[in-house]
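Participant: First the structure, then my questions, so here it is.
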Amino acid sequence: MIAPSSSPEAQMASAVRVNTVLPGWVPTERQLTKWWSSEGEAGTMRDQALKHRIMSDEFAQMVLFVAADDGAACTAQQFIVDGGSF
């Protein structure tokens, strides 16, 4: 999905903005209920700069930003919402 945001067509379009928003691990309610463990949580917190779970509403806020007029100057970009994973 990264290629479409940097394709020649996207670069030449004057009125169309094409961006990608890439999520890190965003836990769902089912994942938290069935598979999430304290060990898994500790590993995630160890491997990301922001020490909290990245929830779906945080990911959605980035999508809304690039879709709204606030993101009018953003095109051909990849936005990563992963808490600063390293």
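The values are calculated or read from the model by the stated rules, or taken from the named source; none is laboratory data. For clarity, every value in this text was computed on a predicted model and none was experimentally measured. Here the Cβ positions follow ideal geometry from the backbone for every residue, glycine too, while neighbour counts run over all protein chains shown. Areas reflect the complete protein model, heavy atoms only, side chains present, ligands, DNA and RNA absent. Shrake-Rupley method; radii C 1.70, N 1.55, O 1.52, S 1.80 Å.
Participant: Filtering the range 1-36 down to residues that are modelled with pLDDT of 85 or more, under 20 Å from the mean Cα position of the chain (by Cα) and of a type in the set (Ser, Thr, Tyr), which residue is surrounded by the fewest Cβ atoms within 10 Å (Cβ to Cβ)?
Facilitator: Among those residues, the one meeting the criterion is THR28.
Participant: Within the range 37-49, how many residues are exposed (fewer than 13 other Cβ atoms within 10 Å of the Cβ) and hydrophobic (A, V, I, L, M, F, W, C)?
Facilitator: 2
Participant: Just to check your reading of the model, which residue among PHE79, PHE65 is in a helix (DSSP H, G or I) and modelled with pLDDT of 90 or more?
Facilitator: Answer to the selection: PHE65.
Participant: So, in the range 49-62, exactly how many residues are at pLDDT 95 or above and in contact with a Ser or Thr (Cβ under 8 Å, 6 or more places away or on another chain)?
Facilitator: Residues in the range 49-62 being at pLDDT 95 or above and in contact with a Ser or Thr (Cβ under 8 Å, 6 or more places away or on another chain): 1 in total.
Participant: Report, by residue number, each residue of the range 50-62 that is open to solvent by less than 90 Å² (accessible area, probe 1.4 Å) and part of a loop (DSSP other than H, G, I, E, B).
Facilitator: Passing the criteria: HIS52, ARG53, ILE54, MET55.
Participant: Go through the range 72-86 and report how many residues are open to solvent by 40 Å² or more (accessible area, probe 1.4 Å) and without any contact (Cβ under 8 Å) to a residue 40 or more places away in the chain.
Facilitator: 2
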